[in-house]
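See structure below.
The values are calculated or read from the model by the stated rules, or taken from the named source; none is laboratory data. Bear in mind the structure is a predicted one, so any value in this text is a computation, not a measurement. Glycine also receives a Cβ, built like all others from the backbone with ideal geometry; neighbour counts cover every protein chain displayed. Remember, those area values only see protein heavy atoms, side chains included, never the ligands or the DNA or RNA. Shrake-Rupley method; radii C 1.70, N 1.55, O 1.52, S 1.80 Å.
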Amino acid sequence: MSRPDPRVNRVGSLQGGASLFDSRGFSRVKVTRDGTEEILELPIRSSGIWEIMEEMSRRAPRPPFRAEWVASDSDLGRQLGLDRDRPVLAFDTTDSDYLERLAAHHQEVLWRVLVAGMDLPFLDGDGRELAGLDDRRRVLRDSGLTQHQAERIFRDIQNLTRLEEEEEDFTSARS
């Protein structure tokens, strides 16, 4: 007989104004100073991330179309239900301009999620709190944040609401 999961809290109702789905935790990032490793523990949160992801998905670049000749007896032709060979408009996901815009978009998503998901004040050199995305991004860059560290914090923010079982299923599906 399996034992109940102590993390499970059955919800009986939802009440307006309650922050039932608010998730908070920490991201741990390694830094090395003068040959000595140190772990920074950064408070993170998940609230507000969904809205950012929805907004950014609407802004995602779309690949251009290109005409492609498709034979009716090919796999694609059968999938499309073609009764004769004909040109078909298809997304060109190999277009270099599109790939550059897509990479820039992914970077922007990463920065927006980082800034919104870090649960600590961003201060300027005089100790005044910064509210703007560009100012906060500058603080992170000026502090020496690396791409690897940024991606680690991003994943940790996403994982605040992902069950371990989902992570295992996702990983095993890729192998």
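Some points to look at:
- Spin-label model, residue 24 to residue 102: label points 7 Å out along the Cα-to-beta-carbon direction sit 3.8 nm apart.
- For segment 1-66, with +1 on Lys and Arg beta carbons and -1 on Asp and Glu, the positive-most of 50, 31, 64 along the dipole: 64
- Average accessible area per residue (Å²) across the chain - probe 1.4 Å, nucleic acids and ligands excluded: 76 Å²
- Relative protection proxy for 150-162, 92-104, from highest mean packing down: 150-162, 92-104 (other beta-carbon atoms within 10 angstrom).
- With every protein chain in place and a 1.4 angstrom probe, the accessible-area ranking of 112, 58, largest first, reads 58, 112.
- Listed peptides 82-90, 33-41 by packing density, highest first (mean Cβ within 10 Å): 82-90, 33-41
- More than 19 angstrom apart: percent of Cα pairs within segment 75-141: 58 percent
- In degrees, nearest ten, helix 49-59 long axis to first principal axis of the chain (Cα): 30 degrees
- Residue 111 accessible area, 1.4 Å probe, all protein chains in place, Å² to nearest 10: 20 Å²
- Extension gain, residue 75-residue 60: 0.36 nm per intervening residue step, less the Cα-Cα distance, totals 2.5 nm.
- Nearest-ten-degree value, helix 164-174 long axis tilted from longest Cα axis of the chain: 30 degrees
- Degrees, to the nearest 10: 133-142 long Cα axis against longest axis of the chain: 70 degrees
- Potential extension, residue 91-residue 5 segment - 0.36 nm per residue separation minus Cα distance: 26.3 nm
- Remark on the chain: Rg and Dmax equal 22.7, 71 Å (Cα only).
- Counted charge near residue 70, where neighbours are those whose Cβ lies closer than 11 Å (Asp, Glu -1; Lys, Arg +1): -1
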